[in-house]
Amino acid sequence: PQLNRLARAASSVPAKPHSSLPTSQAPNYPTTWSTNQQPRATATTGARFEQTASELQPTPLSAMELIANEPVRLVHGRKAVCDGGGGPLGHPKIFINLDAPGPRACGYCGIRFEQTPHHH
């Protein structure tokens, strides 16, 4: 009985209104980058977030933008080796074929590699 009374009292507390300021998806990326991703303003709605101020929540950087800002790594040879760096925090070692012109991205971490132009 007392538990039911507490539940009714908690459900009758009005939710804190969310800020009407537009919020970017991430500090370094203004919009969503996936078709199944909800905009940040609507992603934190519902019972789970009813007493949460969005402006106080952490805003992680977009990994996509961070990788895009990473310079292309030039390789002297026809193949690049990527293990993600960081030792045990990396990923399995893969070899990337660089025969085709242009940069090639690692399938795990997205770091781009390109064969250095060689002059004959």
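The values are calculated or read from the model by the stated rules, or taken from the named source; none is laboratory data. Small disclaimer: the values here were computed from a predicted structure and weren't measured. Cβ placement follows ideal geometry from the backbone for every residue including glycine, while neighbour counts extend to all protein chains displayed.
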* Asked: When you scan the stretch 7-120 for strands (runs of 3 or more DSSP E) that lie fully inside it, which ones turn up with 3 or more residues that are at pLDDT below 80 and exposed (fewer than 10 other Cβ atoms within 10 Å of the Cβ)?
  -> none
* Structure fact -> So, first residue without any contact (Cβ under 8 Å) to a residue 12 or more places away in the chain in the stretch 77-96, second residue exposed (fewer than 10 other Cβ atoms within 10 Å of the Cβ), Cβ within less than 9 Å, six or more apart or across chains; the pairs are ASP83/PRO92
* Mind counting the residues in the stretch 68-120 that are of a type in the set (Lys, Arg) and over 29 Å from TYR29 (Cβ atoms)? => 3
* Asked: Applying the selection to the stretch 97-117, what residues are in contact (Cβ under 8 Å) with a residue 24 or more places away in the chain and over 24 Å from SER62 (Cα atoms)?
  -> GLN115, THR116
